Each structure stands twice: as structure tokens, then as C-alpha cells.
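The block underneath contains the structure these notes are about, expressed in C-alpha cells.
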Amino acid sequence: MTIDITIEDSRWQDAGLAALAEEATAAVLAHFALDQEACEISLLACNDPRIAELNAEFRDKDKATNVLSWPAEELSAEEDGGAPLPPEADFTGEIPLGDIAISYDTCAREAVEAGKSLADHTRHLIIHGLLHLLGYDHIRDRDAALMEGIEILLLGKLGVANPYMSEDAP
């Protein structure tokens with residue numbers, strides 16, 4: 001698998017982003033039985049000012065966010081809760097999945113607020129972003145349930161607790 005990581009904020013390097021990205025990405029690709037050697041992903045490790053720029057430019061939202069993704073191709077299902085189309089190799093045999101940007105500031109703040117480790121929250125956000133590259137979304141209710149279910153399953157395999165379960169829940 002090729003993960004092209006561009007680190008714009010050195011705190012990501014100190015946080016061990018490369019290893020976390022490889023671990024999370026390998027879990028997703030294995031789950032979908034995708035050829036890990038053929039898949040290509042670009043990951044921008046940035047901060048809030050940079051991700052706010054990208055969010056404004058591509059989503060017309062003038063604020064920082066935790067993760068953004070740009071799929072190489074549109075794979076989403078037409079019906080709510082349906083499985084997206086599988087990605088296909090290009091003429092070179094490679095499977096370009098797309099680009100992900102992740103903000104250190106928002107990720108670290110959210111981890112602290114949720115009482116989670118930065119590593120676990122980073123794994124979650126990378127899995128979340130990669131699922132977007134694979135055509136999953138959370139705008140419609142059944143799509144959200146499907147995507148969250150896959151996230152919970154994959155995070156569990158990595159030893160990460162369900163991020164959607166609050167500690168106050170029965």
C-alpha cells in the first residue's frame with residue numbers, strides 16, 4: 001500500500017502518524033479485501049488554519065474540522081444504507097483511492113474532550129476518512145448507521161473502544 005504522507009505540522013510526526021495511518025489503513029483495506037499493494041492514498045497532516053482553508057475552499061464552510069477527504073472516484077450507493085461500489089484499478093493496475101487531510105489541533109482537542117488517547121482518535125479519523133474515499137457517508141440515516149458500524153468493527157479489531165458509545169450510556 002502506498003500512503004503518501006505530507007506533514008505540514010511537526011506535531012503529527014511526534015505523534016507517530018505514519019504508523020497510525022498504516023495500521024488504520026491496513027485494517028480498512030483488509031476488511032474490504034482490497035489489494036493493499038495496489039491501493040494509493042495521500043494524507044495531509046496539517047493544523048486548524050490549514051484545514052479551515054481547505055474546508056472553506058472545497059465545502060464552503062469557513063471553519064476548522066477534524067478530517068476531510070476527497071475520493072478519487074464517486075463510489076457511493078444510490079439508496080440509503082446500500083453498499084458503495086468497489087474501487088477499481090486504473091490502467092496501471094493501481095487503485096487510487098484519494099486524499100485525506102487531518103488537523104492536529106482539532107484531533108487533539110476532541111481526544112482530550114472525549115477522554116481518549118490521541119492515537120485512538122487519530123486511528124478513528126483515518127478510518128473515517130478512508131471510508132469516505134470508499135464511498136461511505138453519514139448524511140442519510142442508514143448510510144450513517146452502516147458507516148458507523150464498520151468504524152466500530154474495525155476500531156474494535158485495533159483494540160479501540162466504540163467512539164460512539166458515551167460512558168454515561170446504560
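Are there any helices in the chain, counted as whole DSSP H runs, that stretch 18 Å or more along their axis by Cα and score at least 0.0 on average by Kyte-Doolittle, and if so which?
Qualifying helices, which must be both long enough and hydrophobic enough, are 17-31, 118-133, 141-157.
Could you list Thr25, Thr106 so that the one with the fewest beta carbons within 10 Å of its beta carbon is first and the one with the most is last?
Taking fewest neighbouring Cβ atoms as first place, the list is Thr106, Thr25.
Please give the calculated 222 nm ellipticity per residue for the chain, where each DSSP H segment of at least 4 residues contributes -39500 (n - 2.57) and the sum is spread over every residue; nearest 500 deg cm²/dmol?
Helices in the chain give a 222 nm mean residue ellipticity of -14000 deg cm²/dmol.
Could you give the dipole magnitude of the stretch 2-157 about its Cα centre, charging the beta-carbon of Lys and Arg +1 and that of Asp and Glu -1, in debye to the nearest 20?
Dipole size: approximately 600 debye.
Quickly work out the Tyr164-to-Asp137 label distance, labels modelled 7 Å from Cα along the C-beta direction, and quote it in nm with one decimal.
1.7
Which distance in nm do the two modelled labels at Glu57 and Arg109 give, with both placed 7 Å along the Cα-to-Cβ direction?
2.1
Equivalent-ellipsoid semi-axes (√(5λ), Cα gyration tensor) for the chain, whole Å, largest first?
Ellipsoid semi-axes (Å, largest first): 23, 20, 17.
Which listed residue (Leu85, His31, Gly115) has the Cα farthest towards the positive end of the charge dipole for the stretch 1-115, taking +1 on Lys and Arg C-beta and -1 on Asp and Glu C-beta about the Cα centre?
Gly115
Calculate, for Gln13 and Glu37, the FRET efficiency according to 1/(1 + (r/R0)^6) with r their C-beta to C-beta distance and R0 35 Å; round to the nearest 0.05.
The computed FRET efficiency comes out at 0.90.
Every number here is computed from the coordinates shown, using simple stated rules; none is lab data. Quick caveat, the model's predicted, so the values are computed rather than measured. Glycine gets a Cβ as well: all are built from the backbone with ideal geometry, and neighbour counts include every protein chain shown.
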